[in-house]
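The values are calculated or read from the model by the stated rules, or taken from the named source; none is laboratory data. All figures in this text were calculated on a predicted structure; none of them were measured in a lab. Don't worry about glycine lacking a Cβ; one is built from the backbone with ideal geometry, like all the others, and counts go over all protein chains shown.
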Amino acid sequence: MIDHLSVSQVKLYLLCPLKYFYRYIKRLPAPPSSELTLGRSVHAALETNFTQKIATQQDLPLSHVTDAFSDAWEQEAKETAFDEDEKPGQIKDEGINILGVYHPTVAPTIQPKAVEQPFELTFANVPYTFKGKIDLVDIQDRVIDHKTTKRAPSPEQVAQDLQLTAYSLAHQTTQGQPESSLRLDVAVRTKTPKILQLETTRQPADHTRFLKLLGYVAKGIQSSLFYPNPNFTCPSCPYRRHCDAWQDV
Ligand code: SF4
């Protein structure tokens with residue numbers, strides 16, 4: 001069984017409880033998609049720059065950041081399940097281009113205070129600890145999450161994003177006060193990459209709602225409520241074969 005919950009776990013359970021079961025309870029291997037590998041590699045490059053910037057207050061040269069991206073990409077790509085029609089080299093170039101736009105325009109506007117800040121929280125209604133890492137908190141106490149996506153998220157998606165709600169809750173719980181602002185920095189994978197800075201807020205009612213949700217997901221897991229919920233990820237689900245035989249087991 002599991003010993004903690006994370007936002008990724010909660011999101012996966014809500015998407016498909018059976019997929020959650022195969023990944024986190026049965027721990028069946030699931031190679032990452034190219035989209036995940038691209039996102040993780042861009043993330044690693046940003047982390048390399050911002051971590052050293054806490055002390056130096058200077059951004060690294062772009063070439064150092066793209067080198068960090070390439071190193072991460074080469075590692076991640078070995079395990080990645082690329083679709084037949086995907087060209088890994090092209091996707092890698094997309095990452096280099098994203099950093100080429102992000103680094104000179106957005107990075108200079110951020111002075112980080114903490115990068116990949118871990119949190120581990122306990123709540124009376126949740127029988128597991130809740131763990132995660134806040135992407136970035138800057139010296140103005142702004143909480144920033146970085147994402148790489150094919151399409152720009154809608155305002156509703158940003159307003160309801162569970163990752164941002166969890167970051168806000170973790171900041172409030174660990175710091176004793178709300179963040180000064182909450183922002184999603186999104187790299188959109190258009191031909192010329194676009195960087196969007198999407199501001200949002202979370203109120204105490206959003207935290208309460210999230211905690212209630214966490215409690216219900218925990219109850220579902222403890223009660224072994226693992227059932228298929230067909231959704232948009234089914235075509236690329238690594239557990240299709242197991243799922244197809246679910247009713248016979
Ligand atoms: S194929 Fe679809 S329904 Fe089945 S486990 Fe995967 S995501 Fe869930």
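Summary of values
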| quantity | calculated |
| --- | --- |
| Residue in segment 120-128 that is buried (at least 16 other Cβ atoms within 10 Å of the Cβ), under 30 Å from Ala218 (Cβ atoms) and hydroxyl-bearing (Ser, Thr, Tyr) present | yes |
| Where Ser154 falls short, out of the listed (1) in contact with a helix residue (DSSP H, G or I) (Cβ under 9 Å, 6 or more places away or on another chain); (2) free of Cβ contacts under 8 Å to residues at least 24 places away in the same chain; (3) of a type in the set (Ser, Thr, Tyr) | (1) |
| Unmet criterion (only one of (1) assigned to a helix (DSSP H, G or I); (2) free of Cβ contacts under 8 Å to residues at least 24 places away in the same chain; (3) within 16 Å of the ligand (Cβ to nearest atom)) for Lys11 | (2) |
| Segment 168-198 - residue that is in a loop (DSSP other than H, G, I, E, B) and not polar (S, T, N, Q) and, of those, modelled with the lowest pLDDT | Lys191 |
| Search result, residues across segment 157-181 that are under 17 Å from the mean Cα position of the chain (by Cα), over 24 Å from Leu38 (Cβ atoms) and buried (at least 18 other Cβ atoms within 10 Å of the Cβ) | Thr165, Ser168, Leu169, Ala170, His171 |
| Residue that is nearest to the ligand (Cβ to nearest atom), among those in segment 199-231 that are touching a Leu at 6+ places or on another chain (Cβ under 9 Å) and in a loop (DSSP other than H, G, I, E, B) | Pro228 |
| Verdict on Asp141 being on the phi > 0 side of the Ramachandran plot and without any contact (Cβ under 8 Å) to a residue 60 or more places away in the chain | yes |
| Candidate set: segment 197-249, residues that are of a type in the set (A, V, I, L, M) and exposed (fewer than 11 other Cβ atoms within 10 Å of the Cβ); chosen: the one nearest to the chain's Cα centre (by Cα) | Ala205 |
| Of all residues making up segment 14-45, the number that are closer than 16 Å to Glu76 by Cα and assigned to a helix (DSSP H, G or I) | 12 |
| Single match in Pro17, Pro32 (criterion: of a type outside the set (S, T, N, Q), at pLDDT below 95 and within 16 Å of the ligand (Cβ to nearest atom)) | Pro32 |
| Subset of segment 29-69 (residues that are without any contact (Cβ under 8 Å) to a residue 24 or more places away in the chain and buried (at least 17 other Cβ atoms within 10 Å of the Cβ)) | Thr48, Leu60 |
| Unique residue being at pLDDT 95 or above and within 30 Å of Leu211 (Cβ to Cβ) when the list is Val115, Val65 | Val115 |
| Of all residues in segment 235-246 being more than 17 Å from Gln9 (Cβ to Cβ) and out of contact with any Pro (no Cβ under 9 Å at 6 or more places or on another chain), the one that is nearest to the ligand (Cβ to nearest atom) | Arg240 |
